[in-house]
Amino acid sequence: MSLDSTDIDKLCELARLAIPADEVADVSAKLSDIVALVDQLKAADTAEVEPMAHPLDRSQRLRVDSATEDVDRELYQDNAPAVERGLYLVPKVID
Amino acid sequence: MHDKTLALTARALQAGEISSVELTNRCLERIRRFDESLNAFITVTGDRALEQAAAADRRIAAGDATALTGIPIAHKDIFCTAGIRTSCGSRMLDNFISPYDATVVERLSRAGAVMLGKTNMDEFAMGSSNETSFYGAVHNPWDRDKVPGGSSGGSAAAVAARLVPAATGTDTGGSIRQPAALAGVTGLKPTYGRVSRYGMVAFASSLDQAGTLTQTAEDAALLLEAMAGCDSRDSTSLDEPVPDYSRAIGEPLEGLTIGVPENFFDDGLDAGNAAALTEALGELERLGAKLKSIRLDNVHLSVPAYYVVAPAEASSNLSRFDGVRYGYRSPEAMAGDLNAFYRRNRGEGFGAEVKRRILIGAWVLSTGYYDAYYLQAQKVRQLISGDFARAFEDVDIVAGPTTPTPAFGIGQKTGDPVQMYLNDIYTIGANLAGLPAMSVPCGFSGALPVGLQLIGPHLSEARLLQTAHHFQRETDWHARVPPGYGENP
Amino acid sequence: MQYEAVIGLEIHAQLATESKIFSGAATRYGAPPNTQACLVDLGYPGVLPVLNREAVRMAVRFGLATHCRIAERSIFARKNYFYPDLPKGYQISQYELPIVHGGYIDVICADRVKRIGITRAHLEEDAGKSLHEDFQGMSGIDLNRAGTPLLEIVSEPDMRSAAEAGAYMRTIHTLVRYLGISDGNMQEGSYRCDANVSIRPRGATELGTRTELKNLNSFRFVEKAIEIEIERQIDIVESGGTVVQETRLFDAERGETRAMRGKEEAEDYRYFPDPDLLPVSIDSALVDELRAGLPELPVEKRERFMAQYDLSAYDADILTASRPLADYYEDCVRHSRARPKLAANWVIGDLAAALNRADLEIGESRVGAAELGALLDRIESGTISGKIAKEVFEAVWNGEGGVDEIIERRGLRQISDSASIEALVDEVVAANPAQVQQYRDGRTQVLGFFVGQVMKASKGRANPRQVNEILRAKLG
């Protein structure tokens, strides 16, 4: 299995990444190497094996329902590239 | 004083032989003198450190000190630090000032530790050489043409060069142990969940764990005591009591059985490393441990399994970096539509290795590939975890190499990601299984340090630290200082 | 060709927790932009979700009330997509192993009971909002709503008409409010619905291609949008075309559905288990505790009202539409010796009208249940007439005093002694000789005129039955 430039385009769309056209071939080659590496997994016999999503075989600890967080909007928005009237600005969202 | 361990420094502080302000000034002086050639720090917080040091001195005078009060440390730049840039080694967060402290930072700060600054790292902790950092490669103090390992390469180099007595790190596939081995320091990755992940910029959430880079196991014990424990802000942090590690390490090493995976000592292992390791295992035997040959049958699949699981989680974890609420925004971002906005911000904000992992991660989770890759990797993860569980029925800990080779040259492997990934062949298993593991300096291959890896069952940090401590009482590999970094400024 | 519609609904009910599903930020509606979004809600680097226990309990309560199986172990998953109102670039939801699944609810539509299957209900976090006005061609993002707990309730495609879909949505709405797990406020968006609609030849068993209708934020819109969509699909098929699987937006103003832009291609959400959240365990002890704490459910209450209070299905339906209303009614009945039917008439009639005029909820009624009970007692005992009772109700509503106080102060007690009524009748008869003659000539319908005059003379207080009897005697 290898990933050609069409695959890379699709993945870039899915992951919202721009990759300059002259780098696509290199990305494609390197990703194909990685795919060859992970293809080794296919040799493992896992017919009877449960997938392991997490190293902790425990159940989730839950939180009591109370409003404990103070929101400091000014502080939190100090990092924002563009804010107007307390709202984060982005190019127009079209439904 | 600068080459003293954290434990000895703490004693000197308590005894009033030196003040925290003096100590902090000396460390800052060493950073000024040496860091230009190492690039171990992304941010040095000198003024703030001196304020903290002065407060620590008052606390010591008031008799209200902990073992860590007044001790200068550095944090890997993956830990959020309130009011200070937290870059994660990425252009994406070059301008990011965290509004809050990570739990690790908060706990160490509460114990009175003094933060000297933030250490360099591979971008978003993705790398084994510290070469993917937006802030440039870190140099190995043992040979500045060599890498210090990664991703906690800045922390490892800073401790190795004695710029700071100890530093924090994070380990997702070996990111504490591998640089510890390559830079000749002691690295501890605790059990998954032992230390809170809150405030640690996430790479792969089911693998990430915070730990320490120190000169000795004793120092690691002191730090872990302060860092570990349940955190209400991380529901995967373990609600288990934190042992008195400092006391536990001194207990006699009785009846210890050490498993040595025979398949770790194959052709892939550098001859110099193998020799040092054989010698180290002999030393452990002399200390009373019983060695037992074991096999970890699926460990050869740990790198492929890791390079499915870690990128999958990373691709999702890194989706939040979109240039809306924080982080890099392309100058062209608002010129196009929303899709172009995202693609530019992320395309320009992330480096090449991060992008590769995001793409692989998106791919293994996408329709048509999920079962063959993501699910299969989770099953292999189960197999690998099972291998360790079976091994721990017969042995107390597993010992072997941390890395296949000593430090390699800067630029040597950057063109071949897969070769780079194979560096973590011995370390990844512990992350997949969530096990605690350490790397302890155990000799040299040529002029470069070699690490001995110790892996234990869940929550066996005390046992690992104890083994390492006894080893370090009989050896001095951990006390060797890289040539040129011994003298005071 | 005859067609039938196949409809399934996905209802999103915001859960009435104090704090968000994965953070300690408040869930209050209407705060200034981004003042209720904490670091977790904003998806800051390094933060982690911690699940709200109450959200889990609410979901289980819903499951128990709808005969669902409760998962001993359920899993949170990440649904990955980019959108500015989704701060992390993924929504924490449930995919495989939802918290409850495999239940049903009985719905009454056109006097028939229809059982609608509930495929599953799962917990997830809400997104923020994009505002489009006044930003010079840009959008502004408010993340206050991000992280609000949602219960997504997915039905089986068991509905066959817009009316059934509407009835189902109302029934679930009533239920979640009964359970106290959602305020169901549709104006504020706490109860929303998407509909999957397809058509097929009547009698066919295969499903047709479905479209998903979004933006159905009122009961009326749901029915209207589905009706329009069914017609649209039939038109397409009749004219030889094929229905395209797509997401369509309901435009209430234009009365049409239209394909959503940018949703042409099916997204690949790359669901996978959220590694920040371990499996949720729900043991049988918790299920038992929550089951024991369930209130009487709308269906049970309705049946009981019909049996216990001898009410029609219609009355029982209205009175059990909300728990506070049913509680008010029962409170009123408990405080009165009057017939429960009379209480039902008053609650559904005068009280509902007064509340409506003042735009008040039943809990805010200016006439308490006990007070209304007292009023009904006075009607039943003949102290006042039904007509006068309306005046008394009005006065109590306006805060002029208690029922008896007003009756006494205004002298509204019904006149029932024959002597007084005879005197009034005599006066009226004497004053209207022409009408008396008409009556005696056989035009008996003028009796109504005399009754009216006597009632007027008594200021409405005379007992109408007695007035009638005495008039007939005097005129005859």
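The values are calculated or read from the model by the stated rules, or taken from the named source; none is laboratory data. Not measured: the values here are computed from a predicted model. Because the Cβ atoms are built from the backbone with ideal geometry, glycine has one as well, and the counts that use them run over all protein chains shown. For the accessible areas, the whole protein counts, side chains as well, though only heavy atoms, and no ligand, DNA or RNA atoms are used. Shrake-Rupley method; radii C 1.70, N 1.55, O 1.52, S 1.80 Å.
Interface size, chains B and C: roughly 2800 Å² of accessible area buried, both sides included, 1.4 Å probe, rounded to the nearest 100.
Note the buried accessible area between B and A here, summed over both chains, with a 1.4 Å probe, in Å² to the nearest 100. Interface area, both chains combined: 5300 Å², rounded to the nearest 100. Computed over protein heavy atoms with a 1.4 Å probe, the accessible surface of the protein assembly as shown works out to 38 Å² per residue. Amide H contacts for C:Leu216 (H built 1.01 Å from N in the peptide plane; partners 5 or more residues away or on another chain; cut-off under 5 Å): C:Cys193. What's the FRET efficiency of C:Glu296 with C:Ile234 using the Cβ-Cβ distance as r and R₀ = 35 Å, to the nearest 0.05? The formula returns an efficiency of 0.25 here. Its residue count N fixes a reference of 2.2 N^0.38 Å for the stretch B:6-254, and the Cα radius of gyration divided by that reference is 0.92. Taking every C-alpha pair closer than 8 Å and separated by at least 6 residues, the mean separation divided by the residue count of chain B gives a relative contact order of 18 percent. Would you work out which of B:Leu435, B:Phe203, C:Val154 lies farthest towards the positive end of the dipole of the protein assembly as shown, given +1 charges on the beta-carbon of Lys and Arg and -1 on that of Asp and Glu, about the Cα centre? Of the listed residues, the answer is C:Val154.
For chain A, the relative contact order comes to 23 percent (Cα pairs under 8 Å, sequence separation of at least 6). Note on B:Ala352/A:Asp39: beta-carbon distance plugged into 1/(1 + (r/R0)^6) with R0 of 22 Å gives a FRET efficiency of 0.50. Beyond 24 Å between alpha-carbons counts as too far, so tell me which of B:Lys118/B:Lys413; B:Lys292/B:Lys413; B:Lys118/B:Lys189; B:Lys76/B:Lys189; A:Lys92/C:Lys129; C:Lys390/C:Lys456 fall in that bin. Among B:Lys118/B:Lys413; B:Lys292/B:Lys413; B:Lys118/B:Lys189; B:Lys76/B:Lys189; A:Lys92/C:Lys129; C:Lys390/C:Lys456, the Cα-Cα distance tops 24 Å for B:Lys118/B:Lys413; B:Lys292/B:Lys413. For the stretch B:69-118, a reduction of at least 50 Å² in accessible area between the chain on its own and the assembled protein chains (probe 1.4 Å) is found at B:Pro99, B:Tyr100.
Using a 1.4 angstrom probe on protein heavy atoms only, the contact between C and A buries about 3900 square angstrom of accessible area, both sides summed. Radius of gyration over Kirkwood radius for the protein assembly as shown, both on Cα atoms: the Rg/Rh ratio is 1.13. Phi angles of the stretch B:99-105 translate, via the Karplus equation with coefficients 6.51, -1.76, 1.60 and θ = phi - 60°, into HN-Hα couplings of x, 8, 9, 4, 4, 4, 5 Hz per residue; Gly and Pro are given as x.
Add -39500 (n - 2.57) for each DSSP H run of 4 or more in the protein assembly as shown, then divide by its residues: what number comes out at 222 nm, to the nearest 500 deg cm²/dmol?
-11500 deg cm²/dmol
Could you state the orientation-averaged shadow area of the convex hull built on the Cα atoms of the stretch C:418-475, in nm² to one decimal?
It is 3.3 nm².
Percent of accessible area on the protein assembly as shown owned by carbon and sulfur, 1.4 Å probe? The nonpolar share, carbon plus sulfur, comes to 48 percent.
Within a straight-line Cα-Cα reach of under 18 Å, B:Lys290 can be paired with the following aspartates and glutamates, leaving aside sequence neighbours fewer than 8 residues apart in one chain: B:Glu251, B:Glu254, B:Glu262, B:Glu279, B:Glu393, B:Asp394, B:Asp396, B:Glu474. Between A:Glu13 and C:Gln136, the distance separating the two model label sites (each 7 Å from Cα on the Cα→Cβ line) works out to 3.3 nm. Applied to the stretch C:9-15, the Karplus parametrisation 6.51 cos²θ - 1.76 cosθ + 1.60 on θ = phi - 60° returns per-residue 3J(HN,Hα) values of 10, 10, 9, 10, 10, 5, 7 Hz, with x for Gly and Pro.
Between C:Arg472 and C:Asp251, the C-beta separation translates, for a Förster distance of 45 Å, into a calculated FRET efficiency of about 0.10. Remark on the stretch A:73-90: accessible area falls by at least 20 square angstrom from chain-alone to full-complex state for A:Arg73, A:Leu75, A:Tyr76, A:Asn79, A:Pro81, A:Glu84, A:Arg85, A:Leu87, A:Tyr88, A:Leu89, A:Val90, probe 1.4 angstrom. I want to verify a result. In a Gaussian network model of chain A, Cα cutoff 10 Å, which of these has the top mean-square fluctuation: A:Glu69, A:Glu48, A:Glu23? Among A:Glu69, A:Glu48, A:Glu23, the largest mean-square fluctuation in the Gaussian network model of chain A belongs to A:Glu69. How many angstrom lie between the C-alpha centres of the stretch C:1-68 and the stretch B:174-195? Their Cα centres are 39 Å away from one another. Here's the picture: charge each Lys and Arg Cβ at +1 and each Asp and Glu Cβ at -1 in the protein assembly as shown, and of A:Met52, C:Gly448, B:Ala462 the one pushed furthest to the positive end of that dipole is C:Gly448. Put a dot 7 Å past the Cα of B:Ser37, heading toward its Cβ, do the same for B:Ala54, and the two dots end up 3.3 nm apart.
In this structure, the amide hydrogen of C:Ile118, modeled 1.01 Å from its nitrogen in the peptide plane, lies closer than 5 angstrom to those of C:Gly103, C:Tyr104, C:Ile105, C:Glu156, counting only residues at least 5 positions away or on a different chain.
Extents of chain C, largest first, come to 92, 55, 53 Å (Cα atoms, principal axes, whole angstrom). Remark: relative contact order (chain C) = 14 percent; criterion is Cα-Cα distance under 8 angstrom and separation of 6 or more residues. With the charge dipole of the stretch C:3-287 set up from +1 on Lys and Arg Cβ and -1 on Asp and Glu Cβ about the Cα centre, the Cα lying farthest toward the positive end among the listed residues C:Val6, C:Ser74, C:Thr247 is that of C:Ser74.
Residues whose amide H lies under 5 Å from that of C:Glu256, counting only those 5 or more places away or on a different chain, are C:Asp251; hydrogens are built 1.01 Å from N in the peptide plane. Computed over all pairs of different Cα atoms, the Kirkwood value for the hydrodynamic radius of the stretch C:3-287 is 19.8 Å.
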